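Notes to accompany the following structure.
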Amino acid sequence: MVPPTWNDRERVEEYIALMEQGTVPTAVAISTLDVCEPAAGMPIDQYQHWGLTHFLLDGHHKLEAAAAAGRPVRLLSLLALGESLAGADDCAQLAALRARPCSARVAGA
């Protein structure tokens, strides 16, 4: 994201108006997937840590408008396979994992 002061106010207001009419704009990002093991010396945490990070290429005005209006934005994410700390098998699981409902970890599980 860029600082909001870098965005053109009129363009942000245009997107707010469109969103209030039901438009869901699309932003574009390049993304990396990092899959890491628990930190050494942390026997309680046996989970793999998955980090999907998005670097916004286009859509700064759209995201500011969405935040101001409390409206959704669609994100087209281009996953950079060669730049991620994840294997091909991990990346192949990503779509199915993202489709699952959110859930909280259970302590001690």
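Below is a table of values for the structure above.
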| read-out | value |
| --- | --- |
| Angle between the chain longest axis and helix 9-20 axis [Cα atoms, degrees, rounded to 10] | 80 |
| Residue 73/residue 36 FRET efficiency (R0 30 Å; Cβ-Cβ; nearest 0.05) | 0.60 |
| Taking the chain and dividing mean pair separation by its residue count, relative contact order in percent (alpha carbons under 8 Å, at least six apart) | 34 |
| FRET efficiency for residue 55 and residue 9, using Cβ-Cβ distance with R0 set to 22 Å, rounded to 0.05 | 0.35 |
| Distant-in-sequence amide H partners of residue 86 (H built 1.01 Å from N, under 5 Å) | 35 |
| Read-out Rg and Dmax of the Cα atoms in Å, derived from the coordinates shown; its label in (1) 17.8, 53; (2) 22.2, 76; (3) 13.4, 38 | (1) |
| Length added when fully stretched, residue 2-residue 21, from 0.36 nm per residue minus Cα-Cα | 4.3 nm |
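Since every read-out is calculated from the coordinates, none of them should be taken as a lab result. Every value quoted in this text rests on a predicted model; they were computed, and no experiment measured them. Because the Cβ atoms are built from the backbone with ideal geometry, glycine has one as well, and the counts that use them run over all protein chains shown.
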